[in-house]
Amino acid sequence: MAVILGIESSCDETSASICIDGEIKSNIIAGQVVHAKYGGVVPELASRAHQQNIIPTVDQAIQEAKISKKEIDAVAFTRGPGLLGSLLVGTSFAKSFALARQLPLIEVNHMQAHILAHFIESPKPAFPFLCLTVSGGHTQIVLVKDYFEMELLGQTLDDAAGEAFDKTAKILNLPYPGGPLIDKYAQEGNPEAFRLPEPQIPGLNFSFSGLKTAILYMVQGKEAENPNFLQENMADVCASVQSRIVSILLNKVEKAVKQSGVKDVAIAGGVSANSGLRQGLLELGEKHNWNVFIPKFEYCTDNAAMIAIAGYHKYLKGEFVAQDIAPLARMHV
Ligand code: KG4
Ligand code: ZN
């Protein structure tokens, strides 16, 4: 039997999870409300909150899994990418726990873990498959050849898809994080109400900064004519924005399938919680006969279950790290 404790602290979510023989038994997530009033994550405040949350979060994960600390066989933690001060809390905790209990230590790449979240539940994708990984910090199309063998086929040249949602939300005077709110308003709106440009970026790369500027100018122009424009048109604006972000993403996915010939397609990361993206991928999959994989909501945004499952697969391979391991703010898949 292999019991893995997974720890995630890369951004503003402190999370701990227990995985037993590849099955997730608990996944506790402590969010941080402190950032909302600043309109974005404040790194210094995030590390302090992780420091306060980490022990109760781990305790709760162990309790919910109905095991004792003594039964844990290895500790997996997010090494990066993320905010260094935040990563340091999870890394230091994992190292101390492993040292105290004489357990092997496993480092996990957060972006790989988002993808490996697909191995928590069934049906699981078969290798190779394509994954569109879309989060607050990343937008990538990845060819997943094996658990830890991933090839980056394309990525954003500027803002990430999550940033495009969050920055647009700011323009629309919606609180942080704006992605889920745009999604909510979009469900009541007309996606064709406002025409927004689709950037012409070669290959499988993305760009979102032009879209943000186009939205800003569009809103400013409309507000000059009608100061209540936003209040009166929030649903239509959100639906139009969301529909454009989704079409930018899915057009590249379509291209990636054509180029690679791989017809198993997954989405991962916080933005994969977006209802428009989920629906759009399902429709595209049906049209082209792809096998589509969409994670459960709780495994889309940051969580430790994905770290624990990634850790479990490294545990099976005996891939451990030494106590002098340090977190990295930047890491590639
Ligand atoms: O993966 P994640 O939890 O954290 C990072 O690793 O960045 O992703 C967070 C991002 C934020 O930008 C948030 O606005 C976005 O995911 N997000 C959404 C939705 N839920 C979360 N964006 C659009 N629609 C959603 N429903
Ligand atoms: Zn993430």
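The values are calculated or read from the model by the stated rules, or taken from the named source; none is laboratory data. Remember, predicted model here, so these are calculated numbers, not experimental data. Reconstructed Cβ throughout: ideal geometry from the backbone, glycine too, with neighbour counts over all protein chains shown. These area figures cover heavy atoms from the full protein model, side chains too; ligands, DNA and RNA do not enter into them. Shrake-Rupley method; radii C 1.70, N 1.55, O 1.52, S 1.80 Å.
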Over segment 250-278, the set of residues part of a helix (DSSP H, G or I) and either basic (K, R) or within 16 Å of ligand 2 (Cβ to nearest atom) (or both) is K252, K255, K258, G270, V271, S272, A273, L277, R278
Please determine whether any residue of segment 212-229 is closer than 28 Å to V142 by Cα, modelled with pLDDT under 95, open to solvent by less than 70 Å² (accessible area, probe 1.4 Å) and within 14 Å of ligand 1 (Cβ to nearest atom). yes
Can you give me the number of residues within segment 236-281 that are within 15 Å of ligand 1 (Cβ to nearest atom), closer than 22 Å to A126 by Cα and either among the hydroxyl-bearing types (S, T, Y) or in contact with a strand residue (DSSP E or B) (Cβ under 6 Å, 6 or more places away or on another chain) (or both)? 6
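For segment 168-189, name all the residues that are at negative phi and open to solvent by 70 Å² or more (accessible area, probe 1.4 Å).
K170, P175, P180, K184, Y185, Q187, E188
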Could you look through segment 264-298, keep only residues that are over 22 Å from T156 (Cα atoms) and basic (K, R), and pick out the one that is surrounded by the fewest Cβ atoms within 10 Å (Cβ to Cβ)? K287
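Given the options Q51, Q63, Q102, name the one that is touching a helix residue (DSSP H, G or I) at 6+ places or on another chain (Cβ under 9 Å) and polar (S, T, N, Q). Even if it seems obvious, please write down each step before you answer.
Numbers: Q63 fails: touching a helix residue (DSSP H, G or I) at 6+ places or on another chain (Cβ under 9 Å); Q102 fails: touching a helix residue (DSSP H, G or I) at 6+ places or on another chain (Cβ under 9 Å).
The unique qualifying residue is Q51.
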For segment 107-117, does any single residue satisfy the condition of being farther than 21 Å from V257 by Cβ, away from ligand 1 (no atom under 16 Å from the Cβ) and part of a helix (DSSP H, G or I)? no
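Among the residues of segment 300-333, which ones are among the hydroxyl-bearing types (S, T, Y) and either surrounded by fewer than 23 Cβ atoms within 10 Å (Cβ to Cβ) or not in a helix (DSSP H, G or I) (or both)?
Going through segment 300-333, the residues among the hydroxyl-bearing types (S, T, Y) turn out to be 301, 312, 315.
Once the filter is applied, which keeps residues that are among the hydroxyl-bearing types (S, T, Y) and either surrounded by fewer than 23 Cβ atoms within 10 Å (Cβ to Cβ) or not in a helix (DSSP H, G or I) (or both), segment 300-333 yields T301, Y315.
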Count of residues meeting criterion [more than 19 Å from H138 (Cα to Cα) and either without any contact (Cβ under 8 Å) to a residue 60 or more places away in the chain or within 8 Å of ligand 1 (Cβ to nearest atom) (or both)] in segment 163-179: 3
